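J.: Quick one: this structure, given as structure tokens, is what I'll be asking you about.
The values are calculated or read from the model by the stated rules, or taken from the named source; none is laboratory data. None of the values given here were measured: they were computed from a predicted structure. Positions of Cβ are backbone-derived with ideal geometry, glycine not excepted, and every protein chain shown enters the neighbour counts. The protein model used for the area step is the full one, side chains on, heavy atoms only, and it has no ligands, DNA or RNA in it. Shrake-Rupley method; radii C 1.70, N 1.55, O 1.52, S 1.80 Å.
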Amino acid sequence: MSQKKRKLGYWGIEFLNGDETYFDSSLFENFIEYVRGLDSAQLLQRDSQNSKAISLDKIWTTSSQGRRLYEVRFKSCKYNHSPDYMSSRDGTERPTEKQLYEGDKEWTHLCLRIDTNEAFCVIEERKSGVTLGAVVRYFNMLLRNYLLSQGNEMPIVLFASIVPSEDFMSALNSAEKITIAELFVQKDVMGSGYLNYLDVDASTREDVVMTVKAKPRQSFTKRALRDTYIKMTTEGTGIKRIRLRGKDVNQMSVVIDSLNAKRKDEVYVELDQSGIVISSSIFSKMEEAIMVEAIEE
């Protein structure tokens, strides 16, 4: 059976309400269940400007290491393009039977891991497929209908931040500004010193997330963040992980995570006789990649 290399992209998905980002795992999972109950007509969205149609094909639910995972497959096609067929054997041509409203179906696979602070996403990146930006726009159109069906008129949308593929230091150096730092701290640190007023007991998660925000319209200094990272990796400070949020030089939202170095950015997947990716093959590689970064929460 033939194989093909596929590139994986990494994103964090949260909710955005005004200027505040947050994540509600129950809301997200209930929304996914709502989407699963829609029929094919409700799931189809057309981008007439780019002559592209997108639809959610199927969602599978699974789990790994106690985390809920969603394996999602989208289908899409480019329409308004029906040239004649040309033979690769002798160069002869024949008219196509494809109608202008039809297009070659392309699959795009993604895997979502539900965490406390985000839905962490690994997506198959293909020029002919569906981008993560298109996925977010697609889900946001359905999210508005879901919220209205629940009597919720709050202006809530899904928001995605790219996770850079380079290592922590390189990603930090290339960032334009960092406005939020999240420190994953061992719980025994929270019960020491000035923080001993916190009730830290057996029911508390092993890692507690401390969020520090820069002043409005300001940014943390990269030197301070580099020093914190170096201390974390060399001196045993009790900080197990650092996740930074900010903007890159193109003013695109980014998440820089100290766990990124373990990721797999390219995988080999199996193809069927028609040259189409076998979904179970790519999902198994995605699950392996997405769980490398999972930590005990």
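J.: Express the accessible area of the chain per residue in Å², computed with a 1.4 Å probe while the remaining protein chains stay in the model.
T.: Values: 16690 Å² over 297 residues.
Dividing the accessible area of the chain by its residue count gives 56 Å².
J.: Okay, next question. Sorted by accessible area (1.4 Å probe), largest first, how do Met169, Met86, Met252 line up?
T.: Values: Met169 50, Met86 140, Met252 80 Å².
Final ranking, largest accessible area leading: Met86, Met252, Met169.
J.: Relative to the longest principal Cα axis of the chain, at what angle does helix 25-36 sit, 0 to 90 degrees, rounded to 10?
T.: Value to nearest ten degrees: 10.
J.: For the pairs Lys52/Lys285; Lys58/Lys105; Lys7/Lys247; Lys213/Lys247; Lys78/Lys98; Lys247/Lys285, flag any whose C-alpha to C-alpha distance is greater than 18 Å.
T.: Values: Lys52/Lys285 28 Å; Lys58/Lys105 14 Å; Lys7/Lys247 23 Å; Lys213/Lys247 14 Å; Lys78/Lys98 12 Å; Lys247/Lys285 29 Å.
From Lys52/Lys285; Lys58/Lys105; Lys7/Lys247; Lys213/Lys247; Lys78/Lys98; Lys247/Lys285, over 18 Å: Lys52/Lys285; Lys7/Lys247; Lys247/Lys285.
J.: Which Cα, out of Val292, Gln218, Ala119, lies furthest along the positive dipole direction of the chain (beta carbon charges, K/R +1, D/E -1)?
T.: Sorting the options by dipole projection puts first Gln218.
J.: Restricting attention to the alpha-carbon atoms of the chain, what are Rg (one decimal) and Dmax (integer), both in Å?
T.: 22.1, 80
J.: Express in nm, to one decimal, how much length is gained between Gln251 and Met210 on full extension, taking 0.36 nm for each residue of separation and deducting their alpha carbon distance. Please list the in-between numbers first.
T.: Numbers: separation 41, 0.36 × 41 = 14.76 nm, distance 2.51 nm.
Result for the pair: 12.2 nm of gain on full extension.
J.: In addition: Per the Kirkwood treatment, what hydrodynamic radius in Å, one decimal, follows for the range 1-108 from the mean inverse distance over all distinct Cα pairs?
T.: On the way: mean 1/r = 0.0561 Å⁻¹.
When all Cα pairs of the range 1-108 are included, the Kirkwood radius is 17.8 Å.
J.: Based on the Cβ-Cβ distance from Ser174 to Met291, what FRET efficiency comes out when R0 is 22 Å, to the nearest 0.05?
T.: It comes out at approximately 0.25.
J.: How far is helix 279-292 tilted, in degrees, relative to the longest principal axis of the Cα atoms in the chain, given as a value from 0 to 90 rounded to the nearest 10?
T.: Value to nearest ten degrees: 10.
J.: For Glu102, what residues show an amide H to amide H distance below 5 Å, using hydrogens built from the backbone and excluding near sequence neighbours?
T.: Result for Glu102 returns Asn80.
J.: Here's a follow-up. Working from the pairwise distances between different alpha carbons, so that the mean of 1/r is found and then inverted, what is the range 23-73's Kirkwood radius in Å? Don't jump to the answer; show the numbers that get you there.
T.: Details: mean 1/r = 0.0785 Å⁻¹.
12.7 Å is the Kirkwood radius here.
J.: Moving on to the next point. For the range 1-151, what is the charge dipole size about the Cα centre, in debye to the nearest 20, if Lys and Arg each add +1 at the Cβ and Asp and Glu each add -1 at the Cβ? Walk me through the intermediate numbers first.
T.: Working: 22 positive and 21 negative charges, 109 e Å.
Here the range 1-151 has a charge dipole of around 520 debye.
J.: Could you tell me how many degrees, from 0 to 90 and to the nearest 10, lie between the Cα long axis of helix 132-149 and the main elongation axis, the longest principal axis, of the Cα atoms of the chain?
T.: 80
J.: With a 1.4 Å probe and all protein chains left in place, how much of the accessible area of the range 56-143 comes from carbon and sulfur atoms, in whole percent?
T.: Details: 2200 of 4750 Å².
With neighbouring chains kept in place, the figure for the range 56-143 is 46 percent.
J.: Normalised by the empirical 2.2 N^0.38 Å for globular proteins, what value does the Cα Rg of the range 1-48 take?
T.: The reported ratio for this selection is 1.71.
J.: Can you order the peptides 55-61, 284-290, 120-126, 208-214 by their average number of other Cβ atoms within 10 Å per residue, highest first?
T.: On the way: 55-61: 15.4, 284-290: 19.4, 120-126: 22.6, 208-214: 13.4.
Ranking the peptides 55-61, 284-290, 120-126, 208-214 by packing returns 120-126, 284-290, 55-61, 208-214.
J.: GluC sites (Glu not before Pro), restricted to the range 67-120: which are DSSP loop and have at most 16 other Cβ atoms within 10 Å?
T.: Working: sites: Glu71, Glu93, Glu97, Glu102, Glu106, Glu118; in loops: Glu97, Glu102, Glu118.
The qualifying sites are Glu97, Glu102.
J.: Helix-derived [θ] at 222 nm for the chain: sum -39500 (n - 2.57) over DSSP H runs of at least 4, divide by residue count, nearest 500? Mind showing how you got there, number by number?
T.: Values: 7 runs with 72 residues, N = 297.
Helix-only estimate at 222 nm: -7000 deg cm²/dmol.
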